[in-house]
Amino acid sequence: MNSKKKVGIALEGGGAKGAYQIGVLKALKELDIHYQCVVGTSIGALNGVSYVLGDYDNSTELWSKFDFSYSDNKKKKSKNSQDIFDKITRNIDKFENSYLKSSGVDPEPIIEFYKDVVREKDIRDSVIEYGLATYCLTDRKPLKLFKEDIPEGMLHEFVFASCYLPVFTPRPIGDKYYLDGSMFLKLPVEMAADKGCDIIIAVRLRPEKYDYSSFENVEIIDIAPDEYLSSTLEASSERIKWMIRQGYEDAKRILDERRQIF
C-alpha cells in the first residue's frame, strides 16, 4: 500500500518486551503498509533495524532463541528500569563515579552479535530513514541520531549504545560512555515528527495510556498491548513467542481498522 503521506514508525524501549514489535512488523508486511522512516529507543533501536530491512523471518528466528528465564513470580521482584533511570538522573555525578569503577555483564559477545545483525551497508543504502536515541554520559547529553549522523562502520556500536543498560560493564565508544536512550526518550515519536512524517505508527510495549497531545499536526496510530508483557530482562522462549503473536494480532486489528488513512 503506497501512501502519498509520509509514514513513520516509532518503537518504544522495553528489553524483552520488544518481541511484541516483531509481531507488528509481520502485520505491516501482510497489509502491505509502506513507511519511509523508522526510529527506535533501546530494544526499539535494534528492532528498528529489522523494520528497515523488512526482515521478519530472521528476526523471529533470533528472538525465538532468546531465553531470559522468565517466571511470573519474579515479576514484582524485578527492578523497574525507569526507577533505575530516575535514580541515575537524580545524582548523575555520583552515578558516573561509581559506574565507571564497576563491573557487570561483559558486552563484547553481544556487540559482536549486533555487528552481524546490523547489516550496516544495507541500512545505509536503504531509502528508509533510520534513527535512534541514546544518552552520552560523558557529555551529559541526550542524543537523537540518524544513520547519517553516525560514523561509517560504527552503526552497530550506536545501536548497542541505545540499549546500554547499566548492568553492562562500562565500555566507551571512542573516549565517551553512553547509556540506554530510555534515560530521556522512551518512545521517540518526536524524532519521526521532526522528519516530517504525516502518520506515525507508535509501537509501545506497555499497556498504560500515552499522551500524544503535543503532536497536533500528526496522525498517530497507537499500537500497544492491553496487558503486561514481561519484565525488561526476564522472558522465556514461550513467552517471547506469545509476545510476537500478540504484537501481530493487535497490529493486524488496529491497522486494518485505520488502513483508509494510508
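The values are calculated or read from the model by the stated rules, or taken from the named source; none is laboratory data. Since this is a predicted model, take the numbers as computed values, not measurements. Here Cβ is always computed from backbone atoms with ideal geometry, including for glycine, and neighbour counts include all displayed protein chains. These area figures cover heavy atoms from the full protein model, side chains too; ligands, DNA and RNA do not enter into them. Shrake-Rupley method; radii C 1.70, N 1.55, O 1.52, S 1.80 Å.
Positive contributions from Lys and Arg (+1) and negative ones from Asp and Glu (-1), summed over other residues with Cβ under 14 Å from the Cβ of Asn217, come out at -2.
If you take the C-alpha gyration tensor of the range 123-262, multiply each eigenvalue by 5 and take the square root, what semi-axes do you get, largest first, in whole Å?
On the way: eigenvalues 154, 88, 43 Å².
Its equivalent ellipsoid spans semi-axes of 28, 21, 15 Å.
May I ask for the angle, rounded to the nearest 10°, between helix 237-258 and the longest principal axis of the chain, with both axes built from Cα atoms and the value confined to 0 to 90°? That works out to roughly 40 degrees.
Axis of helix 19-30 versus longest Cα principal axis of the chain: the two differ by about 30°, to the nearest ten degrees.
Pairs of alpha-carbon atoms within less than 8 angstrom and 6+ residues apart define the contacts here; what relative contact order does the range 163-262 have, in percent?
Numbers: 74 pairs, mean separation 18.6, N = 100.
So the answer I get is 19 percent.
Dividing the summed -39500 (n - 2.57) terms of all DSSP H runs of n ≥ 4 by the residue count of the chain sets its mean residue ellipticity at 222 nm at -11500 deg cm²/dmol.
For Arg119, Arg239, Arg204, the ranking by accessible surface with the largest value first comes to Arg119, Arg239, Arg204, using a 1.4 Å probe. What the phi angles of the range 36-50 give under the Karplus curve with 6.51, -1.76 and 1.60, with θ = phi - 60°, is a coupling list of 10, 8, 10, 10, x, 10, 6, 4, x, 5, 5, 5, x, 4, 5 Hz, glycine and proline written as x.
Computed from label points 7 Å out along Cα-Cβ, the spacing between Ser237 and Lys209 is 4.1 nm.
Once C-alpha pairs closer than 8 Å and six or more residues apart are averaged by separation and normalised to the residue number of the range 148-209, the relative contact order reads 23 percent. Pairs exceeding a 20 Å alpha-carbon distance, out of Lys94/Lys176; Lys26/Lys252; Lys144/Lys195; Lys5/Lys186; Lys144/Lys186; Lys6/Lys209: Lys5/Lys186; Lys6/Lys209. Solvent-accessible surface of protein heavy atoms, probed at 1.4 angstrom with all chains present, puts His34, His156 in the order His34, His156, largest first. Expressed as a rounded percentage, what relative contact order does the chain have, with Cα pairs under 8 Å and six or more residues apart? Over the chain, the number comes to 36 percent. For the range 170-228, a Kirkwood hydrodynamic radius built from all Cα pairs, placed in the Stokes-Einstein relation at 25 °C and 0.890 mPa s, yields a translational diffusion coefficient of 181 µm²/s. Taking all protein chains as present, what is the carbon and sulfur share of the accessible area of the chain, in % to the nearest whole number, probe 1.4 Å? The computed percentage sits at 48.
Using only the Cα atoms, work out Rg/Rh for the range 96-145, with Rh taken as the Kirkwood radius, to two decimals.
Values: Rg = 14.9 Å, Rh = 13.8 Å.
We get a ratio of 1.08 for the range 96-145.
Among the GluC sites (Glu not before Pro) found in the range 124-176, those both in a DSSP coil and sparsely packed, with 14 or fewer other Cβ atoms within 10 Å of their Cβ, are Glu152. Loop-located chymotrypsin sites (Phe, Trp or Tyr not before Pro) in the range 174-236 (DSSP state not H, G, I, E or B) with no more than 13 neighbouring Cβ atoms inside 10 Å: Tyr228. Can you say what percent of the DSSP beta bridges in the range 125-259, counting only those with both residues inside, are antiparallel? Round to 5. Given both bridge residues lie in the range 125-259, the antiparallel proportion sits at roughly 65 percent.
Nearest 0.05, what FRET efficiency do Asp86 and Ser64 give at R0 = 30 Å with Cβ-Cβ as r? Numbers along the way, then the final one.
Working: r = 33 Å, r/R0 = 1.10.
With a Förster radius of 30 Å, E is 0.35.
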